[in-house]
Amino acid sequence: MNDLTPHHRLGLASSPASEPVRNLSRRGFLGIASGALLLGIDLPKEAAAQTRAEGPAAVAAKPGTRVAAFLEIRTDGSVRLLSPFVEGGQGINTGLAQTIGEELDLDPARFAVECAPPGPDYAVVNGLRMTGGSFSTRSSFEAMRRLGATAREMLLRAAAARLAVPQDSLTTDDGRVIHAASGRTLGYGEVAQAALALLPRDDVALKDPKDFRWIGRPVARLDMRDKATGRATYAIDIRLDAMLHAAVQHAPHLGTEPRAIANEAEIRAMPGVHSVHRLPGAVAVVADSWWRARKGAEALQVAWSEPAAEGIATVSAAFSSAAMLAALKGTTEPGLPAEQEGDPDAAFAKAAKVIEAEYDAPYLAHAQLEPPSAVARFTADGSLDLWVPNQMPELFQGVAAKTAGLDPEQVRIHSPMLGGFFGRHFFYGPATPFPQAILLAKATGRPVRVLWSREEEFRMDAVRPLSFARFKAALGPDGMPVALRTTAVGEGPIGRWFGALFKSPVDSSVVEGLDKKPYAIPNRQLDYVRVPHPVTIAFWRSVGHSMNDYFYESFLDEIAAAGGRDPFDLRMALLTDSPRHATLLRTVAELAGGWRRGPFTAEDGTRRARGVSMASPFGSETATIAEVSLTDGEARVHDLWIAIDPGSVVNPAIVRRQVESAAALGLSSTLLEQVVYENGQRQARNFDSYPILDRTRMPRVHVAIVESGAPMGGIGEPGLPGVPPAVVNAVAALTGQRVRSLPLAKTRLSGV
Amino acid sequence: MISLSINGHQHSIDVDPDTPLLFVLRDTIGLTGTKYGCGIGQCGACTVLIDGQAIRSCQMPVESVGAQPVTTIEAIEADPVGARVVAAWVGIEVPQCGYCQSGQVMAASGLLKETPNPTEDEIAAAMTNLCRCGTYNAIAAAVRQAAA
């Protein structure tokens, strides 16, 4: 049996005592995981082939082109849009309504947007479907405009037939087709049915951007009222008839299995408890309410198999984050070349000065406020409905099918709004709860909702990898850097989860933020040393940039100090040949009322200093300035000024708020956050021991948007990477202490 | 059976007396606007009003609610202060992912019902709920607008 062999179809068990899930080994369970991404990626092709077989009317020639797959224009003129993307706070529902509404000529306020089911029509991110990588708007913008324009042309054609007038005598205005000569009008809803039966044209002209009515404007978000009144529905809110509730206790060491349950009979006898189930790496208690299930799960006395003493087959008994960092630091291999320019050897040989430094950043939890859950329900025909928070419906459909022993088309994926995601809801094997819901629904013959308590989420969440980099710079006699050698050590989520798709030996998610810098340093070498983590690693808002821009931009300040230069002036000097970046750096300085490093005394009498940084994340460019003071040995950030150039924007209000949101998460990671392992176990189990940014630590955030006209970049993540280095550089200016290991909470700071 | 007054309606419910009010609201009565975030009173996503005061319902065993009236996010607009708070939240476009915002709206409503014109310190003391999307500045602006 290879890893992709489907499990035997297990009949729907009706006896509460039956445990058909007991025999699933962790290897089989994880086998599903490791093969899953390929599976997900193959799905659109298979599904497309199947669609073609059903006849020409159903052909999806190209993702993002079949109007009927996206738009339902109702008789009242409102529109239901089936989105390729999932809304999780980033504002994509509103942005899509603006983009399609612009070309369709329909007010975005009349759109109701929901995440589409799996299907080949929605693979609009370079042939894939996902909500991540800050890809949504930039990858689909042209296609979604074209979709709106194509739909409008179909409405015009249908209206021309209905009114028996030439099509070119018709115009539209916000949801109505107008025949000016006769004064007759038709609402979109009146001709929608006839229009959607027409064959779409593929040569419809798009609007001239100077005529845009909604794109580029701060159009009101569609989801505000529901979110301010508790009506927005997340996965955790799904309730089905006859549904059982499950809570789980996971193995204390990842990779170990339940051996025995000392008090199983007692737990089964607890009020409301339906059944107890052994799962891969966990034991579940199913009950008539989640509170009762949870009390049962917490009372379970489980004997677990022994973790390996060391190594990475399991999270071993000896594993610690400190030891992992020591292992990364201890590597001596030269590494694989990730980027090379000029002749670094020669430049170092004749350097006036050489400096070196090492930087590290910890494992991080997503800590999205919605704890993960999933609801699974088998229907009478054996097919499966799954409500599950996810950033990749087709991938989850494929994994769910394997878990259930079904074909993918027998699994209906429902993708509710996400209560925060930040990378949490890709498929991460044991960090993803929905396979438990499927196994329990099968075992009980009832719909089952699995909800992980916050404590289980902190135990099982897939983490931003602990990361480490070495830097060495050669300076010329003028104090300018002439050569830079960088070694990035570790493992990233691209290599872990998408290795079969992106075959490059260099993991882009480990080196991004260290490569492709705009600075004119003539001789450069960037190497990658792979050291795998035994823990489940994840994408985390801005991925490799979340630590690498902190590493690089901090070391750039060290270069400035070693060369006797101001860090802002050094950056400007290195950007002479890059007007886009130089403009952005000037913009952020103007936003901040001019650059001054400090320390200086602020109006309130506190001693403060500023730090600056730049980043090039996800196709956008940012420049950031932070202003910091000290209180009781802790950095206090008063203001963040962020200039972002994403090329062009759809909704400037959403962009500003996403930049502010990303900056808050970046600051949280800078100041406070670290997932610490000792003896193979995570130490923090809730927000009391894993503090995140609260209101008292939130600075003012000032955002300037520069629309340079460059190809459109991402928005959801780019506000983050500049914040850690800007803050740490400000701390260095204020205290003389160069902090090379995050979070700052580990270091007691003192003023100079 | 435990008797509860929720959003002006009487409910008679059969649950374990130690069940936190949060899970009675969500799983027994079906009012899912109140959110579970941490279960230890840290995040505030479960905030409701009990007798007009903002309370973290994950820390309130249902047996100790007694006859005190409970108001949840689903009914907050029936309260004139709550309606102002919601209007400010929508107008300023506070939410991002929105998950914590029921609790934020309830915390703000509780504050303004008790202290119609709060000082910055009073706002800081009352608005301690966590938001992972970092909407704190917008929250502060909305509280000030609703108070005005």
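Since every read-out is calculated from the coordinates, none of them should be taken as a lab result. Remember, it's a predicted structure, so these values are computed and weren't measured experimentally. Reconstructed Cβ throughout: ideal geometry from the backbone, glycine too, with neighbour counts over all protein chains shown.
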- Message: Within 10 Å, at most 10 other Cβ atoms, and a DSSP state outside H, G, I, E, B define an exposed site. Report the longest part of chain A free of exposed GluC sites (Glu not before Pro).
- Response: A:55-602
- Message: Run through the range A:349-453 and list the trypsin sites (Lys or Arg not before Pro) located in a DSSP loop whose Cβ has at most 12 other Cβ atoms within 10 Å.
- Response: A:LYS350
- Going through the DSSP H helices of chain A, which span 20 Å or more along their own axis at the Cα atoms while scoring at least -1.0 as a mean Kyte-Doolittle hydropathy? A:26-53, A:136-163, A:545-562, A:652-671
- Environment charge at A:ASP288 (Cβ cut-off 15 Å; Lys +1, Arg +1, Asp -1, Glu -1): +4
- Query: Under the definition of partner shielding as Cβ atoms of other protein chains within 10 Å of a residue Cβ, what is the mean value for peptide A:685-698?
  - Reply: 5
- Message: Modelling each spin label as a point 7 Å along the Cα-to-Cβ direction, I'd like the A:SER169/A:ALA205 distance in nm, to one decimal.
- Response: 2.1
- Message: Just to verify a number: FRET efficiency for B:ARG144 and A:ALA220, C-beta to C-beta distance, R0 = 22 Å, to 0.05?
- Response: 0.60
- Query: Regarding the range B:75-147, what whole-number volume in Å³ per residue does the convex hull of its Cα atoms give?
  - Reply: 72
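Between B:ASP121 and A:LYS516, take the C-beta separation as r, use R0 = 60 Å, and let me know the FRET efficiency to the nearest 0.05.
0.80
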- Item | the range B:2-72 pair-distance distribution - Cα-Cα, 10 Å bins, rounded % | 23, 62, 15
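Subtract the Cα-Cα distance of A:ARG162 and A:ALA262 from 0.36 nm times their separation in residues, and report this length gain in nm to one decimal.
Going from the current span to full extension adds 28.5 nm.
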- Message: What is the distance in Å between the Cα centroid of the range A:149-218 and that of the range A:56-116?
- Response: 16
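For each of A:LYS227, A:LYS746, count neighbouring Cβ atoms within 10 Å of the residue's Cβ, then give the residues from fewest to most.
A:LYS746, A:LYS227
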- Message: Please report the antiparallel percentage of the DSSP beta bridges confined to chain A, to the nearest 5.
- Response: 75
- Mean-position separation - Cα centroids, the range A:417-464 and the range B:109-141, in angstrom: 32
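Please give the FRET efficiency for A:THR583 paired with A:SER741, using the beta carbon to beta carbon distance and R0 = 25 Å, rounded to the nearest 0.05. Write out the running numbers ahead of the final one.
Values: r = 33 Å, r/R0 = 1.34.
The value I calculate is 0.15.
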- Sorted from fewest to most neighbouring beta carbons within 10 Å, what does the list A:THR229, A:THR624 look like? A:THR229, A:THR624
- Length added when fully stretched, A:LEU198-A:THR233, from 0.36 nm per residue minus Cα-Cα: 9.1 nm
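Please compute the length gained on full extension between A:ALA317 and A:ASP381, using 0.36 nm multiplied by the number of residues separating them and subtracting their Cα-Cα distance.
Computed gain between A:ALA317 and A:ASP381 is 18.5 nm.
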- Query: Kirkwood Rh, chain A, all Cα pairs: how many Å?
  - Reply: 27.7
- Kindly flag which residue pairs out of A:LYS350/A:LYS472; A:LYS295/A:LYS442; A:LYS62/A:LYS207; A:LYS295/B:LYS113; A:LYS62/A:LYS210 have an alpha-carbon separation exceeding 25 Å in this structure. A:LYS295/B:LYS113; A:LYS62/A:LYS210
